1. Can you find even one residue in segment 124-138 that is out of contact with any strand residue (DSSP E or B) (no Cβ under 6 Å at 6 or more places or on another chain), over 19 Å from N98 (Cβ atoms) and surrounded by fewer than 20 Cβ atoms within 10 Å (Cβ to Cβ)?
2. Mind listing just one residue for me: the one in segment 173-188 that is closer than 24 Å to A301 by Cβ and surrounded by 23 or more Cβ atoms within 10 Å (Cβ to Cβ) and, of those, farthest from the chain's Cα centre (by Cα)?
3. Give R236, R242, R283 a once-over and let me know the one that is in contact (Cβ under 8 Å) with a residue 12 or more places away in the chain, exposed (fewer than 12 other Cβ atoms within 10 Å of the Cβ) and within 18 Å of the chain's Cα centre (by Cα).
4. When only residues in segment 139-170 that are among the small types (G, A, S) and open to solvent by 30 Å² or more (accessible area, probe 1.4 Å) count, which is nearest to the ligand (Cβ to nearest atom)?
5. Just checking, does segment 15-26 include any residue being of a type outside the set (A, V, I, L, M, F, W, C) and more than 21 Å from S159 (Cβ to Cβ)?
6. How many residues does segment 194-218 hold that are under 16 Å from W278 (Cβ atoms) and not polar (S, T, N, Q)?
7. All but one of (1) farther than 27 Å from L11 by Cβ; (2) surrounded by 22 or more Cβ atoms within 10 Å (Cβ to Cβ) hold for V250, so report the exception by its number.
Amino acid sequence: MKHRKLGRTGLKVSEVSLGTMAFGRWIDEAQSQQVLDAALDAGITLIDTADVYGKGMDRDNPLESGESEYILGRVLKGRRNQIILATKVHGKVGIGPNDSGQSRYHIFRAVDASLKRLQTDYIDLYQVHRFDPETPLEETLSALDDLVKSGKVRYIGCSNFAAWQIAKAHGISALNHLHRFESVQPEYSIITRGIEDELIPFVASEQVGVIVYSPLGRGLLSGKYKQGEAPPEGSRAAAGERRIHTLLGVERNYHIIESLKPLASNRGWTLAQFALAWVLSNRHVSSAILGVSKPEQIQDALQFIDDPLTAEELAEVDRISKLN
Ligand SMILES: NC(=O)c1ccc[n+]([C@@H]2O[C@H](COP(=O)([O-])OP(=O)(O)OC[C@H]3O[C@@H](n4cnc5c(N)ncnc54)[C@H](OP(=O)(O)O)[C@@H]3O)[C@@H](O)[C@H]2O)c1
């Protein structure tokens, strides 16, 4: 497993990281343990979670959030120091008016709750899950800065932010001598390339780390879903994830997938292997967060990550994306 630098920091992260949104949501603790073991065996060092990950996400019940962190805390026992642990704050974790968002009040309570669930006394990368229009960035950044100074958090980052939002936050950090967002976590895959317009040029200019999520399009880029057919048994779509159903409703995605299949099979690769290699071919990506529901999917996805795609293959993917 190769490592890449996280933006301008000195921190090196595995170029593929493990997402744990499935832990306690679609897979139980025993399966989660197997997935984590397979990831660590493969050399993955960056593990991503969030305070909201759990069954509650599919049931709109914030009281059922936190299961991913609980499970991680238990299955990581004795191995905490081998990994870089990233989690997030923002989503609803309770029914009170201050149980979400990025107020100083909520951030201080949320970090302690995450540390307790994760059974650790520090978080390597603490990310705000999305932009909070209701809280001044000064308040959020000063609270996060205090967490870094207290040792509870080592680096801070953001997720789902537009370039202008990070630029604004960086300006506030610089003016007030506060730690700044060192990373951003956006969605990025062959079927979701929106970050190439503004965010990628911005992070290249400002040396911000980019930890991308859903590199396999939440499973679509495995080719397992067929237009007009029910999702295969055992898949995430069958388990009821809502966001994948949005992607499954977009006709363009099926055209792209069909056009990509010959490119993958020319190499003797699966579509999932090709899709992951394509994301890693972007040199601004620090790490791609792979989500898996079975341990064997890790070994499978990582089989060819050291073989870069050729310039001709990258150009062909661009052509397919533009055509569809
Ligand atoms: N910041 C945010 O807002 C945000 C949002 C979403 C995700 N994330 C993070 O990103 C992580 C990854 O997201 P994701 O799960 O959507 O990523 P993904 O890697 O695009 O999709 C994962 C799905 O792809 C399928 N898959 C994985 N490996 C495969 C293989 N080798 N062959 C065939 N199919 C394979 C599995 O589907 P089946 O389970 O159906 O087999 C798996 O559940 C999450 O766990 C979370 O940590 C962050």
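The values are calculated or read from the model by the stated rules, or taken from the named source; none is laboratory data. Here the structure is a predicted model, which is why all the values come from computation and not from measurement. Don't worry about glycine lacking a Cβ; one is built from the backbone with ideal geometry, like all the others, and counts go over all protein chains shown. Surface accessibility is based on the protein's heavy atoms, side chains included, excluding ligands, DNA and RNA. Shrake-Rupley method; radii C 1.70, N 1.55, O 1.52, S 1.80 Å.
1. No; the residues of segment 124-138 include none that is out of contact with any strand residue (DSSP E or B) (no Cβ under 6 Å at 6 or more places or on another chain), over 19 Å from N98 (Cβ atoms) and surrounded by fewer than 20 Cβ atoms within 10 Å (Cβ to Cβ).
2. Taking segment 173-188 first, the residues closer than 24 Å to A301 by Cβ are 183-188.
Of the ones still in play, those that are also surrounded by 23 or more Cβ atoms within 10 Å (Cβ to Cβ) are 183-185, 188.
Working: S183: 11, V184: 10, Q185: 6, Y188: 10 Å.
Looking at the filtered set, the residue picked out is S183.
3. Numbers: R236 fails: exposed (fewer than 12 other Cβ atoms within 10 Å of the Cβ); R283 fails: in contact (Cβ under 8 Å) with a residue 12 or more places away in the chain.
Only one candidate qualifies: R242.
4. Quick first cut of segment 139-170, residues among the small types (G, A, S) only: 142-143, 150-151, 157, 159, 162-163, 167, 169.
From the residues that got through so far, the ones that are open to solvent by 30 Å² or more (accessible area, probe 1.4 Å) too are 142, 150-151, 162, 167.
On the way: S142: 23, S150: 24, G151: 24, A162: 14, A167: 19 Å.
By that ranking, first place goes to A162.
5. Step one: filter segment 15-26 for residues of a type outside the set (A, V, I, L, M, F, W, C), giving 15, 17, 19-20, 24-25.
Okay, now just the ones that are also more than 21 Å from S159 (Cβ to Cβ), so none.
Checked segment 15-26: no residue is of a type outside the set (A, V, I, L, M, F, W, C) and more than 21 Å from S159 (Cβ to Cβ).
6. Taking segment 194-218 as the starting set, the residues that turn out to be under 16 Å from W278 (Cβ atoms) are 194-196, 200, 210, 212-218.
Those left that are additionally not polar (S, T, N, Q): 194-196, 200, 210, 212-213, 215-218.
So the answer is 11.
7. (2) is the only condition that V250 fails.
So that you can scan it fast, the table gives a plain yes or no per residue for (1) away from the ligand (no atom under 12 Å from the Cβ); (2) crowded, with 16+ Cβ neighbours inside 10 Å:
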| site | (1), (2) |
| --- | --- |
| W26 | no, yes |
| E29 | yes, no |
| T49 | no, yes |
| V52 | no, yes |
| L63 | yes, no |
| E69 | no, yes |
| G73 | yes, yes |
| L76 | yes, yes |
| I83 | yes, yes |
